[in-house]
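Take a look at the structure below.
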Amino acid sequence: MTQTDNIIKADPGKCFKRKIDGVVFGDEIYLGTTYYLDGLRLQEPIQESPDDFEEIDIEVRTEEIN
């Protein structure tokens, strides 16, 4: 993972998953303030940091068509 200002970028072949609720994002995140989790408004907004996310392998699922 690399960080430039408020942008974090995952290593090749990886994407990000937010630890608190398991939501999967792409390979680049602009950190900011989170006001909602699971569709519910938070009483206190959360200021995101790189520690709030983990890198995971990108899963590619394919289906064979007959």
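The values are calculated or read from the model by the stated rules, or taken from the named source; none is laboratory data. Note that the coordinates shown come from a computational prediction; the quantities given were computed from them, not determined experimentally. Cβ placement follows ideal geometry from the backbone for every residue including glycine, while neighbour counts extend to all protein chains displayed. Accessible surface is based on the protein model in full, side chains and every heavy atom, while ligands, DNA and RNA are left aside. Shrake-Rupley method; radii C 1.70, N 1.55, O 1.52, S 1.80 Å.
Side notes on the structure shown:
- Selection from the stretch 1-53 of residues that are among the aromatic types (F, W, Y) and more than 10 Å from the chain's Cα centre (by Cα): Y35, Y36
- Test: residue in the stretch 3-17 that is modelled with pLDDT of 90 or more, open to solvent by less than 100 Å² (accessible area, probe 1.4 Å) and touching a Cys at 6+ places or on another chain (Cβ under 9 Å): no
- In the stretch 51-66, the residues that are within 17 Å of R18 (Cβ to Cβ) never reach a residue that is modelled with pLDDT under 80 and open to solvent by less than 100 Å² (accessible area, probe 1.4 Å) with C-beta atoms less than 8 angstrom apart, at least six apart or across chains.
- Within the stretch 4-28, residues that are closer than 14 Å to E59 by Cβ sit with their Cβ atoms under 7 Å from residues that are loosely packed, with under 11 Cβ neighbours inside 10 Å and among the acidic types (D, E), at 6+ positions apart or across chains, in these pairs: G13/D57; K14/D57.
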